[in-house]
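Okay, so here's the structure we're looking at.
The values are calculated or read from the model by the stated rules, or taken from the named source; none is laboratory data. No experiment lies behind these values; they were computed from the predicted model shown. Note: ideal-geometry Cβ built from the backbone for every residue, glycine included; neighbour counts use all protein chains shown.
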Amino acid sequence: MSKITIIGSGFSGLASASFAAKAGHSVTVLEKNSTIGGRCRFYEENGFGFDMGPSWYWMPDVFEKFFARFDRKPSDYYQLVKLDPGFRMVFGKNDVVDVPAEMNDIENLFESIEPGSSAKLKKFLKEGKFKYEVGMQQLVYKPAYSWFEFMNYDVLRGVAGSHVFKSVRSYVRSYFKDPRLIALMEFPVLFLGAMPQQIPALYTLMNYAALDMGTWYPMGGMHKIIQGMASLAQELGVEIQTDAEVKRINVRNKRAVSLNVNGADLKTDGIISSADYHHTEQVLLGKEFANYSETYWKNKVFAPSCLIFYLGVSKKIERLHHHNLFFDADLDQHAREIYQTPEWPENPLFYVCCPSKTDPSVAPVGSENLFILVPVATGLEDSDATRKKYFDMIISRMESFTGTSFVNDIVYNRSYCIRDFINDYNAYGGNAYGLANTLSQTAVLKPSLRNRKVENLFYAGQLTVPGPGIPPALISGEIAASEIHKQLQSRYHETIV
Ligand SMILES: Cc1cc2nc3c(=O)[nH]c(=O)nc-3n(C[C@H](O)[C@H](O)[C@H](O)COP(=O)(O)OP(=O)(O)OC[C@H]3O[C@@H](n4cnc5c(N)ncnc54)[C@H](O)[C@@H]3O)c2cc1C
């Protein structure tokens, strides 16, 4: 039995811990923060319970597949509900589109906005399903060390039919004309951290995930998934230590031999680091053993960071659903301010999650729990004055839309932005979602899952393959655990022969 150490307790760290334990290793997870979950931490204050990061539960099949690998089901750990409507898109004070849960209703919605569009939607989603199946079955569960992994007939046939060289923007516009339908179909790929014109149309598989598979919510909050994964890991014998910040990875003869944590050196046979990749390499490991230089990171296209407000409001607010996307501003201008200039946006789009519409456990009776997110560029100067300016702007836009004044009913207010991402997660440039999924940052072109100079060091998480988001983070943990297991086994065979 080898001793594997996992750095970080987010989705990828916990996933890799369970897979490594299942393979028979002794596994310890070291987490710098005092609570587990990484970007999906949870905290309670004044009777409100806040998920700190992710709020969209998409691709339920990936979670089922994860738990099934351990003969478990998500329902062993948390209760899922399907949201209906899945989400609300706000285009103006009296211009909203609610996206229903059931496909018949979605088709009727499309038809009511653009006659003839429901038939196009069916074709679009049929292609999306094909891409989803190609992506999930042929592409994402690979370590992506080399293009040769993808060189077989099924993969090439699948990729050829997946519009890899067309952009989401031109693909969507070849189907739909109404600007609201275009926004609705382009919005899911914004999760991938780049503009629809930069993302290959392969990723319209996200539309299939969003519309066909639906938007779900684990009662109690997204953190219930983390709690479930931590329980699973512990059932498999994994030890999870919090307040355990790794300060150094010690290397001898091309192997990581120990980690410096809270002043002591812990011996290890292998490491999976799910902490931010740049931090692991440049700070914990040092330039000598890093796969990538500072210049490499400077030249990467990062997905946006974000300014978040966690608010407790002591009254109910009408006209909000669980998920609300405020698209009542110019998307292209906001995108330029994120990716081209980068600067604080003049009139941003934003997102409001109000889980208290679904879940009474996250707010006191008669109150609302609000999570407001404004996407911004990474690396911006993040001051209290700037946060306050955006708070005033967003609350005023929300009050105007909802027709309810609630600024004086805010009983809990916390903001979170770039400097918090850096302090809490050692995030490069304060990134929230890792790298953008552009064509030049896909698969083999992403930061490698293995360290090429330290043979028993692997990486997991949103900065390596397959990419950002909870489902990819789970998958990345699985691949990293499988790769370290193979490495330790081959090492074992070498030493006994
Ligand atoms: C605001 C926000 C909203 C999001 N919304 C969604 C969504 O709705 N749906 C979705 O699917 N995805 C969403 N995402 C993306 C998703 O949350 C992430 O891709 C995923 O959680 C990343 O998991 P991870 O394991 O890669 O990294 P992390 O969760 O960041 O885990 C890394 C861990 O490493 C720890 N660590 C760092 N340095 C050290 C060290 N030196 N020693 C010990 N520990 C260390 C960190 O504290 C952290 O706990 C969102 C992300 C954010 C930030």
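Tabulated values for the structure
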read-out: Enumeration of residues in region 74-95 that are within 17 Å of Pro179 (Cβ to Cβ) and either crowded, with 20+ Cβ neighbours inside 10 Å or aromatic (Phe, Trp, Tyr) (or both); value: Met89, Val90, Phe91
read-out: Residue in region 268-288 that is of a type in the set (A, V, I, L, M), surrounded by 21 or more Cβ atoms within 10 Å (Cβ to Cβ) and in a helix (DSSP H, G or I) present; value: yes
read-out: Of all residues making up region 475-495, the number that are touching a Phe, Trp or Tyr at 6+ places or on another chain (Cβ under 9 Å) and either buried (at least 24 other Cβ atoms within 10 Å of the Cβ) or of a type outside the set (Asp, Glu) (or both); value: 10
read-out: Criterion (in contact (Cβ under 8 Å) with a residue 40 or more places away in the chain, surrounded by fewer than 24 Cβ atoms within 10 Å (Cβ to Cβ), within 11 Å of the ligand (Cβ to nearest atom) and in the same structural domain as Gln282 (by TED's automatic domain parsing)) met by exactly one of Pro447, Pro472; value: Pro472
read-out: Every pair of residues 6+ apart whose Cβ atoms lie under 9 Å, when the first sits in region 233-254 and is closer than 11 Å to Ile7 by Cα while the second is surrounded by fewer than 15 Cβ atoms within 10 Å (Cβ to Cβ) and of a type in the set (Ser, Thr, Tyr); value: Thr242/Ser34
read-out: Residue list for region 266-311, restricted to those being of a type in the set (Gly, Ala, Ser) and over 24 Å from the mean Cα position of the chain (by Cα); value: Gly270, Gly286, Ala290, Ser293
read-out: Failed item in (1) away from the ligand (no atom under 12 Å from the Cβ); (2) modelled with pLDDT under 95, with Asn437 passing the rest; value: (1)
read-out: Cβ pairs under 7 Å, 6+ apart, first in region 419-432 and more than 7 Å from the ligand (Cβ to nearest atom), second of a type in the set (Lys, Arg) and at pLDDT 95 or above; value: Gly430/Arg419
read-out: Residue within region 25-35 that is closer than 19 Å to Ile240 by Cα, more than 16 Å from the ligand (Cβ to nearest atom) and either touching a helix residue (DSSP H, G or I) at 6+ places or on another chain (Cβ under 9 Å) or of a type in the set (Gly, Ala, Ser) (or both) present; value: yes
read-out: Filter pass, Val96 being closer than 25 Å to Tyr433 by Cα and either more than 16 Å from the ligand (Cβ to nearest atom) or in contact with an Asp or Glu (Cβ under 6 Å, 6 or more places away or on another chain) (or both); value: no
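Conditions (1) more than 26 Å from Asn94 (Cα to Cα); (2) free of Cβ contacts under 8 Å to residues at least 60 places away in the same chain, marked per residue:
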{"position": "His322", "(1), (2)": "no, no"}
{"position": "Leu331", "(1), (2)": "no, no"}
{"position": "Tyr339", "(1), (2)": "yes, no"}
{"position": "Pro342", "(1), (2)": "yes, yes"}
{"position": "Val352", "(1), (2)": "no, yes"}
{"position": "Ser356", "(1), (2)": "no, yes"}
{"position": "Phe371", "(1), (2)": "no, no"}
{"position": "Thr378", "(1), (2)": "yes, no"}
